[in-house]
Amino acid sequence: MNREFMLDGLPVAFTEGQTILQAARAAGRYIPSLCWHPDFPPHGSCKLCIVKANGRHVSACALPAREGMEVESDTPEINGERRALLQMLFVEGNHFCPSCEKSGNCQLQAQAYELEMTSARFDYLFPVRPVDASHPDILLDFNRCIFCELCVRASRDVDGKHIFALTERGIHKHLVVNAESGRLSDTDFAADDLAAHICPVGVILHKRVGFQRPIGQRDYDHEPISQVAMEESS
Ligand code: FES
């Protein structure tokens with residue numbers, strides 16, 4: 001017998017152990033996310049998947065679904081909270097979308113469009129973050145990091161290399177390269193590592209292919225991220 005919970009008033013079937021987000025996506029229902037990736041355990045850092053489950057705020061990517069649960073996701077209140085989370089991400093890094101190679105393929109930008117973020121709302125922090133162009137094939141622009149740790153996890157758990165790490169806390173938190181020099185060229189990072197292909201924003205960029213796919217023809221130029229995500233998972 002199928003077990004079910006209610007998502008925005010409609011039933012979603014789930015199997016034991018599936019999180020709210022996993023079950024929703026499997027049922028063709030989109031809950032926004034940034035740090036979640038289907039091939040990795042939940043990370044729970046971005047909070048964009050926030051929902052109300054039986055009246056309490058929870059991360060849909062981390063909480064297992066339970067029979068009869070009442071989950072609210074696509075409501076003005078929850079989407080307003082998601083928008084505020086995005087606004088905080090935009091001001092704590094340096095995100096200059098018009099000049100970014102990832103524009104149109106960037107999940108942060110696409111979430112901001114879909115959640116109708118029209119201003120930064122908070123004061124920009126303008127952190128000073130370096131760019132590392134030392135590697136022959138990869139450019140690192142730390143200004144765009146959203147701390148999802150997908151590159152950290154992919155490099156550690158799949159590539160077996162431990163190339164990246166987050167250091168410090170709060171507004172001083174930032175991504176670093178695990179080398180004494182801090183330079184990517186002093187590691188064995190390779191362009192075909194999974195970590196080189198998993199960044200949802202524009203931190204890890206491949207050299208010599210910039211703008212090969214023109215602006216206007218990119219992942220989120222014609223369809224919102226919710227639609228692209230559901231097409232990819234179907
Ligand atoms: Fe759930 Fe990031 S997707 S916390």
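Considering only Arg183, Arg169, Arg129, the Gaussian network model of the chain with Cα springs below 10 Å gives its largest mean-square fluctuation to Arg169. With bins 10 Å wide beginning at 0, the percent of Cα pairs of segment 125-234 falling in each bin runs 13, 41, 32, 13, 0. Percent of Cα pairs in the chain per distance bin of 5 Å, from zero to the largest separation: 1, 6, 13, 17, 18, 17, 13, 8, 4, 2, 0, 0. Structure remark: mean-square fluctuation, Gaussian network model of the chain, C-alpha springs under 10 Å; the largest value among Leu89, Leu194, Leu150 belongs to Leu194.
Dipole magnitude for segment 56-109: computed about the Cα centre from +1 point charges on Lys and Arg Cβ and -1 point charges on Asp and Glu Cβ, it is near 160 debye. If you plug the beta carbon distance of Arg3 and His162 into 1/(1 + (r/R0)^6) with R0 = 41 Å, you get a FRET efficiency near 0.55. Taking 29 Å as the straight-line reach from the Cα of Lys52, the lysines in range (excluding those fewer than 8 positions away in the same chain) are Lys173.
A Cβ-based charge dipole, computed about the Cα centre of the chain with Lys and Arg at +1 and Asp and Glu at -1, lands at about 360 debye. In the chain, the DSSP-assigned H stretches of four residues or longer account for a calculated mean residue ellipticity at 222 nm of -5500 deg cm²/dmol, using -39500 (n - 2.57) per stretch and the full residue count as denominator.
Of the residues Gly93, Ser226, Leu108, the one whose Cα sits farthest toward the positive end of the charge dipole of the chain, with +1 on the Cβ of Lys and Arg and -1 on the Cβ of Asp and Glu, is Gly93.
Relative to the Cα centre, the charge distribution of segment 60-144, modelled as +1 at Lys and Arg Cβ and -1 at Asp and Glu Cβ, gives a dipole magnitude of about 260 debye. Taking the DSSP beta bridges with both ends in the chain, the antiparallel portion is around 90 percent.
According to the square roots a ≥ b ≥ c of the eigenvalues of the Cα gyration tensor, what is the shape class of segment 14-127, taking rounded for a/c under 1.5, prolate for a/b larger than b/c otherwise, and oblate for the remainder? Prolate.
Across segment 166-183, coupling constants 3J(HN,Hα) worked out from phi with the 6.51/-1.76/1.60 Karplus curve, θ = phi - 60°, read 9, 10, 6, 9, x, 6, 8, 4, 7, 7, 10, 9, 6, 8, 4, 7, x, 9 Hz, and Gly and Pro carry x. Structure remark: mean-square fluctuation, Gaussian network model of the chain, C-alpha springs under 10 Å; the largest value among Val177, Val209, Val51 belongs to Val209.
When both segment 59-107 and segment 209-234 are represented by their alpha-carbon centers, they are found 17 Å apart.
Where a number appears in this text, it was derived from the coordinates with a stated rule and is not lab data. Everything numeric here is computed off the predicted structure, so don't read it as measured data. Glycine gets a Cβ as well: all are built from the backbone with ideal geometry, and neighbour counts include every protein chain shown.
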